[in-house]
1. Let me spell it out: the conditions are (1) among the polar types (S, T, N, Q); (2) at pLDDT below 95; (3) touching a His at 6+ places or on another chain (Cβ under 7 Å), and SER200 meets all of them except one. Which number is the exception?
2. Please count how many residues of the range 106-122 are open to solvent by 70 Å² or more (accessible area, probe 1.4 Å) and under 12 Å from the mean Cα position of the chain (by Cα).
3. Condition first: among the polar types (S, T, N, Q) and open to solvent by 30 Å² or more (accessible area, probe 1.4 Å). Now tell me which residues in the range 53-98 satisfy that.
4. Can you tell which of VAL153, VAL165, VAL102 is among the hydrophobic types (A, V, I, L, M, F, W, C), open to solvent by 70 Å² or more (accessible area, probe 1.4 Å), under 30 Å from GLN34 (Cα atoms) and in contact with a helix residue (DSSP H, G or I) (Cβ under 9 Å, 6 or more places away or on another chain)?
5. What about GLN111, is it in a loop (DSSP other than H, G, I, E, B) and free of Cβ contacts under 8 Å to residues at least 24 places away in the same chain?
6. The conditions are (1) in contact with a Gly (Cβ under 9 Å, 6 or more places away or on another chain); (2) without any contact (Cβ under 8 Å) to a residue 60 or more places away in the chain, and SER136 fails exactly one of them. Which is it?
7. Evaluate the range 16-24: report whether one residue or more is of a type outside the set (A, V, I, L, M, F, W, C), closer than 17 Å to LEU80 by Cα, open to solvent by 70 Å² or more (accessible area, probe 1.4 Å) and modelled with pLDDT of 95 or more.
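The values are calculated or read from the model by the stated rules, or taken from the named source; none is laboratory data. Not measured: the values here are computed from a predicted model. Cβ placement follows ideal geometry from the backbone for every residue including glycine, while neighbour counts extend to all protein chains displayed. Just so you know, the surface numbers come from the protein's heavy atoms only, side chains and all, with ligands and any DNA or RNA stripped out. Shrake-Rupley method; radii C 1.70, N 1.55, O 1.52, S 1.80 Å.
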Amino acid sequence: MLLVSMLCTVHRYLYFTILREPIQRYISEWKHVQRGSTWLTAKLMCNGRQATLDEVPFCFQGSDWTGVTLDDFMACQHNLAHNRQTRMLANLSLIGCYNQSVVSNRAVREQMMLESAKENLRDIAFFGLTEFQAESRYLFERTFRLRFTTDFVQYSETHASKVDVAPEQQERLSQLNHLDAELYTFAKQLFFARLEFARSSSGRSEHFMKYEQDLKIAGVDHSQPSTEYEDSEEAYDGEVDAADQEEAEQKDRIARAEKTRRRRTQWT
């Protein structure tokens, strides 16, 4: 008889995300769609059901939106690229998902969505910022006690940064992504508060939740990457001590040994 030992394991799932400067992110998505990509397979699930075409109509006819101009891309009021980061971080069930008639006042609906996105960002295990690659890497490694084998690369130029945007287009871009702009400002303040805490002698991931409840992040200005992190590998090596690395390696050895033990037990 084959006896199978069933082990009850409690899994803890942690979420993380990467945010990007809103205008650059929006232009990048436009260029992505312009090259022929679509979100047609996205199900837009909320409260157990998928958004209907009446709630979120397509912005184009045919199989894709290849060659779309920036003006046409911005003109579609149903374009989910508008304030995408805020919407994807928010609990949309609070505002009736994609049914705008549940909270018909647009200003109220947007404010609820923004506050929900901020709350979820505070509670998330980790988030990084595209514009601060070295800092994001360092914070990830300190939070999860893991170490990447290669450096993160900070590109000075992207497809989005090469786009010439007229002043009137820039103004429209800001209007369409005003929620993302406010979220990103909040995210930068929280990100650098977390970074400062992680670098402190008491900075450990298990204390983040309690620490963040007491954070006073108003007035923090981090408009530029820290010069201490410009040489990311040197900065990292200077920050992470041998004890942390040894602890991480020990945990990894224990995890691999436990995985092997479970595999053997299952078939004995």
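1. (3)
2. Qualifying residue count for the region: 1.
3. Our first condition is that a residue be among the polar types (S, T, N, Q); within the range 53-98, this holds for 61, 63, 66, 69, 77, 79, 83, 85-86, 91, 93.
If the condition is that a residue be among the polar types (S, T, N, Q) and open to solvent by 30 Å² or more (accessible area, probe 1.4 Å), then GLN61, SER63, THR66, THR69, GLN77, ASN91, SER93 are the ones that fit.
4. Numbers: VAL165 fails: open to solvent by 70 Å² or more (accessible area, probe 1.4 Å); VAL102 fails: under 30 Å from GLN34 (Cα atoms).
VAL153 is the lone residue from the list that is among the hydrophobic types (A, V, I, L, M, F, W, C), open to solvent by 70 Å² or more (accessible area, probe 1.4 Å), under 30 Å from GLN34 (Cα atoms) and in contact with a helix residue (DSSP H, G or I) (Cβ under 9 Å, 6 or more places away or on another chain).
5. So GLN111 fails the test.
6. Unmet condition: (2).
7. As a first pass, look at the range 16-24 and keep what is of a type outside the set (A, V, I, L, M, F, W, C): 17, 20-22, 24.
This time we only want the ones that are closer than 17 Å to LEU80 by Cα, so: 20-22, 24.
Applying the additional criterion that residues be open to solvent by 70 Å² or more (accessible area, probe 1.4 Å) yields none.
No: the range 16-24 contains no residue that is of a type outside the set (A, V, I, L, M, F, W, C), closer than 17 Å to LEU80 by Cα, open to solvent by 70 Å² or more (accessible area, probe 1.4 Å) and modelled with pLDDT of 95 or more.
Residues are listed down the side, and each one gets a yes or a no for (1) surrounded by 15 or more Cβ atoms within 10 Å (Cβ to Cβ); (2) assigned to a helix (DSSP H, G or I); (3) at pLDDT below 90:
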position	(1), (2), (3)
THR149	no, no, no
ARG172	yes, yes, no
GLN175	no, yes, no
ALA187	yes, yes, no
ALA218	no, no, yes
LYS251	no, yes, yes
